[in-house]
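Everything on this sheet refers to the single structure shown next.
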Amino acid sequence: MKTPLAWLNLLHEKTRLLVAIAGVAFAVLLIFMNLGFLGALSLTATQIYSQMNAEIFLRSPQTLEISTTKSFPRERLYQIAGVEGVQQTMPVYVGYQQWRNPETRFSRAMFVYGINPRDPVFTLPELQAPEAIAALQRPNTVFIDRLSRPEFGPQTTGIETESDRRRVEIGGQFTLGGGFASDGTLIVSDQNFLRLFAPRPLNRIDLGLVKLQPGADVEAVKATVRQLLPADVTVLTQEEIIGRDRDFWIGTTSTGFIFSMGVAVSFIVGTVIVYQILYTDISDHLPEYATLKAMGYRSRYLFKIVLQEAVILAVMGYVPGLILSLGLYELTTNATSGGLPMGMTVGRVVFVLLLTVSMCALSGLISVRKVVTADPAEVFS
Amino acid sequence: MMDANPTPHNNHAAANSNAGVAIAQSTPAVETHGLNYYFGQGDLRKQVLFDLNLTFPRGQIAIITGPSGSGKTTFLSLIGALRTIHDGSLKVMGRELVGMNNAQLVEVRRGIGFIFQAHNLFESLTAVQNVEMAVELLGGFGSKRAQAIAMLEQLGLGHRVTYKPNSLSGGQKQRVAIARALVNQPQLILADEPTAALDKESGRDVVTLMQTLAKEQSCTILMVTHDNRILDVADRIINLVDGRLESDTSMRDFVTAHDPKTLDPRMFML
Ligand SMILES: Nc1ncnc2c1ncn2[C@@H]1O[C@H](COP(=O)(O)OP(=O)(O)OP(=O)(O)O)[C@@H](O)[C@H]1O
Ligand SMILES: [Mg+2]
């Protein structure tokens with residue numbers, strides 16, 4: 001076995017090694033947190049669709065995401081109701097209302113979904129019970145999202161307040177989360193939606209849900225639907241509509257940019273720290289490295305030693321960085337009571353490991369020049 | 001402690017054949033013809049070695065002396081294939097170094113043992129690991145520990161093999177460096193003031209060890225030194241002044257190295 005020079009060199013300077021590991025771990029932690037926030041935000045931005053009971057979605061081509069919709073004729077749903085494989089089509093209406101906090105009497109913009117209470121639009125269990133359906137059908141009754149911000153006030157059933165100057169009563173609760181689009185969410189029946197948003201007609205809808213029969217081929221049905229309908233609707237699978245909304249929030253807003261910058265800055269910080277450590281290490285050992293060259297070691301060998309040191313630092317810093325991040329993910333998720341669901345994915349674990357290794361390798365490549373140019377003749381003087 | 005151990009010698013022989021340095025007994029270890037060397041480029045170009053014509057036969061111990069700045073270290077670094085040379089001729093073990101590229105020079109270096117004024121041991125490696133770094137160059141991974149320990153034992157460091165350099169004395173560190181230079185049984189050893197950092201006692205010991213081992217392994221030693229006390233190990237003394245050969249005195253003319261009379265010419269020379 002070859003003498004593990006890289007390893008022994010690193011181990012020899014215990015304090016320096018600890019500083020290096022802490023530096024790499026810090027950079028890894030920063031990268032994980034930035035990616036975690038980004039992931040959590042794109043998840044909350046789109047989790048609404050995973051709670052909807054449909055495989056295919058219809059919306060206007062001008063719609064950017066769930067809260068900035070353009071309406072299209074309800075007629076389109078009737079046109080495809082008979083398509084082979086389609087079990088049910090369901091209209092969804094959306095809009096904003098000024099919700100008055102019943103305690104402070106301050107108003108705030110609340111996001112409202114209008115649905116037919118008998119349609120299984122949402123998979124939310126709170127909306128399936130017959131009592132809940134009956135409650136939704138009562139005039140001027142709303143269901144409120146438990147994840148609405150506390151500024152909207154108490155959510156107890158029976159509380160009365162005003163929504164856009166109209167008296168409404170809280171008839172129940174559900175757990176959904178508003179993501180980027182809203183701080184608070186209501187679900188109401190289509191009849192109540194009509195009352196709240198008058199004079200909006202019910203024959204123009206914001207989102208069309210198409211539930212398929214079990215075992216139906218999504219792509220085939222989607223193709224048929226696409227063929228049947230004119231160009232005033234876009235036909236999307238669940239995966240596609242989630243992708244579009246996510247791209248909007250991450251790409252079109254500066255969210256994606258901010259957190260990508262965060263990752264880039266962490267990467268640079270890590271690179272500088274590791275470079276600093278490797279450079280000092282090389283400078284300290286320059287006469288020894290020059291001696292190795294004089295003995296007949298090639299530059300390639302020294303190159304390998306420095307890169308090995310870099311990779312060792314990467315791995316030794318990555319592991320504590322990962323463990324700390326897992327802890328902070330959980331802490332964040334709990335602190336926001338699920339509002340920012342920070343979850344670790346295998347893809348991210350691998351991605352950050354690769355990022356860390358390339359971070360350290362980059363530092364290694366920058367600092368290695370010094371050792372490669374070390375003049376073996378200098379050891380004599 | 002200086003008795004040769006036959007087992008490691010077999011290993012050494014194997015290592016040597018790996019190095020591919022098999023030359024006829026008659027080929028000189030080092031041979032120079034019209035060797036010039038310059039530092040710098042253009043206007044700053046400065047010649048430090050002038051027309052050196054020297055031949056060192058195999059097995060010879062030569063000491064190079066001369067005032068500071070006379071080019072001794074430079075001469076040694078040329079022979080050690082540590083610099084590219086353009087002018088004249090320099091043959092080491094029969095191989096012409098002038099015109100060699102870097103990869104070929106590295107190959108030549110592997111057949112040479114270097115001993116420097118500074119020991120340049122890795123602080124992170126134990127004595128035996130430092131020596132093993134040399135063995136690994138020629139690929140003796142299986143036997144490297146045995147070879148390194150045998151070498152250290154010959155230098156009287158058998159009880160210090162697992163010590164790191166910072167727990168060794170100056171003389172002990174220098175002996176580890178010598179073990180590293182000798183472990184592959186090189187046919188040429190280049191030493192630049194190996195005793196400068198040592199006190200009188202250990203300086204003397206180190207040189208005697210080098211001499212004994214060199215005779216056993218019949219290798220050539222070129223040593224730069226200012227140390228008058230160790231001149232008696234030399235077969236030949238070369239004096240460089242301002243990059244030119246000032247004198248070249250062979251000690252073979254004298255009856256025996258231990259004859260008190262032999263001290264006279266040396267005293268005279270200094
Ligand atoms: N890397 C270099 N670049 C330019 N000039 C150099 C370099 N190394 C040495 N010299 C010059 O070459 C000349 C010979 O230097 P060298 O080191 O060979 O002398 P030396 O005989 O070993 O001296 P000392 O006894 O002090 O070690 C000196 O004038 C020195 O200034
Ligand atoms: Mg010198």
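The values are calculated or read from the model by the stated rules, or taken from the named source; none is laboratory data. For clarity, every value in this text was computed on a predicted model and none was experimentally measured. So basically every Cβ, Gly included, is an ideal-geometry build from the backbone, and we count neighbours across all protein chains shown. Accessible surface is based on the protein model in full, side chains and every heavy atom, while ligands, DNA and RNA are left aside. Shrake-Rupley method; radii C 1.70, N 1.55, O 1.52, S 1.80 Å.
The mean accessible area for residues of the protein assembly as shown, using a 1.4 Å probe and ignoring ligands and nucleic acids, is 44 Å² per residue. Listed by chain and number, the aspartates and glutamates whose C-alpha is less than 13 Å from the C-alpha of B:Lys200, apart from same-chain residues fewer than 8 away, are B:Asp227.
Evaluate the charge dipole of chain A about its Cα centre and quote only its size in Debye, nearest 20, assuming +1 on the Cβ of each Lys and Arg and -1 on the Cβ of each Asp and Glu.
380 debye
Count the DSSP beta bridges whose two residues both fall in the protein assembly as shown, then state the antiparallel fraction as a percent rounded to the nearest 5. Once the DSSP bridges in the protein assembly as shown are tallied, antiparallel ones form about 65 percent.
Do any of A:Lys304/A:Lys370; A:Lys304/B:Lys173; A:Lys293/A:Lys370; A:Lys370/B:Lys164; A:Lys293/B:Lys72 go past 18 Å between their Cα atoms, and which? Among A:Lys304/A:Lys370; A:Lys304/B:Lys173; A:Lys293/A:Lys370; A:Lys370/B:Lys164; A:Lys293/B:Lys72, the Cα-Cα distance tops 18 Å for A:Lys304/B:Lys173; A:Lys370/B:Lys164; A:Lys293/B:Lys72.
Evaluated with a Cβ-only charge set (Lys, Arg +1; Asp, Glu -1), region A:61-232 carries a dipole of roughly 440 debye about its Cα centre, given to the nearest 20. The interface between chain A and chain B buries about 2600 Å² of solvent-accessible area in total (1.4 Å probe, ligands and nucleic acids excluded). Projecting the Cα atoms of A:Pro91, A:Ala294, A:Gly171 onto the charge dipole of chain A (Cβ charges, centred on the Cα centre) puts A:Ala294 farthest toward the positive pole.
Here's the list of aspartates and glutamates a cross-link from B:Lys215 could span, going by alpha-carbon distance under 18 Å and ignoring same-chain residues fewer than 8 apart: B:Asp3, B:Glu153, B:Asp205, B:Asp232, B:Asp235. DSSP assigns beta bridges within region A:61-232; of those with both partners inside it, close to 70 percent run antiparallel.
What number comes out for the charge environment of B:Gly71, summing +1 per Lys or Arg and -1 per Asp or Glu over other residues with Cβ under 9 Å away? Walk me through the intermediate numbers first.
Working: positive: B:Lys72, B:Arg244; negative: B:Asp242.
Once all neighbours under 9 Å are counted, the net charge is +1.
Toward the positive end of the charge dipole of chain A, with +1 on the Cβ of Lys and Arg and -1 on the Cβ of Asp and Glu, the farthest Cα among A:Ala198, A:Leu147, A:Leu362 is that of A:Leu362. Under a Gaussian network description of chain A, with springs only between Cα atoms under 10 Å, the residue in A:Gly85, A:Gly339, A:Gly177 that fluctuates furthest is A:Gly85. What shape does region B:27-269 have by the C-alpha gyration tensor, where a ≥ b ≥ c are the square roots of the eigenvalues, rounded means a/c under 1.5, and otherwise prolate means a/b greater than b/c and oblate the rest? Here region B:27-269 falls in the oblate category.
Which residues, if any, in region A:288-325 have at least 50 Å² less accessible area in the whole protein complex than in the isolated chain, probe 1.4 Å? For region A:288-325, once contacts with the other chains are taken into account, A:Glu288, A:Thr291, A:Ala294, A:Met295, A:Gly296, A:Tyr297, A:Arg298 lose 50 Å² or more.
Take every pair of alpha-carbon atoms less than 8 Å apart whose residues are at least six positions apart; their mean separation over the length of region B:27-269 yields a relative contact order of 25 percent.
By accessible area, using a 1.4 Å probe on protein heavy atoms only, chain A has 61% of its surface on carbon and sulfur. Per-residue mean of foreign Cβ neighbours for B:70-78 is 2 (Cβ atoms of other chains, 10 Å radius). Shown for region B:21-93: the carbon plus sulfur share of the solvent-accessible area, taken with all protein chains present and a 1.4 angstrom probe, equals 49%.
Assuming R0 = 51 Å, can you tell me the calculated FRET efficiency for the pair A:Glu219 and B:Ala146, based on Cβ-Cβ distance, to the nearest 0.05? Calculated transfer efficiency: 0.15. Relative to the dominant Cα principal axis of chain A, helix A:14-50 is inclined by about 20°. Look at the stretch A:368-377: the mean tally of other chain Cβ atoms within 10 Å of its residues' Cβ atoms is 2.
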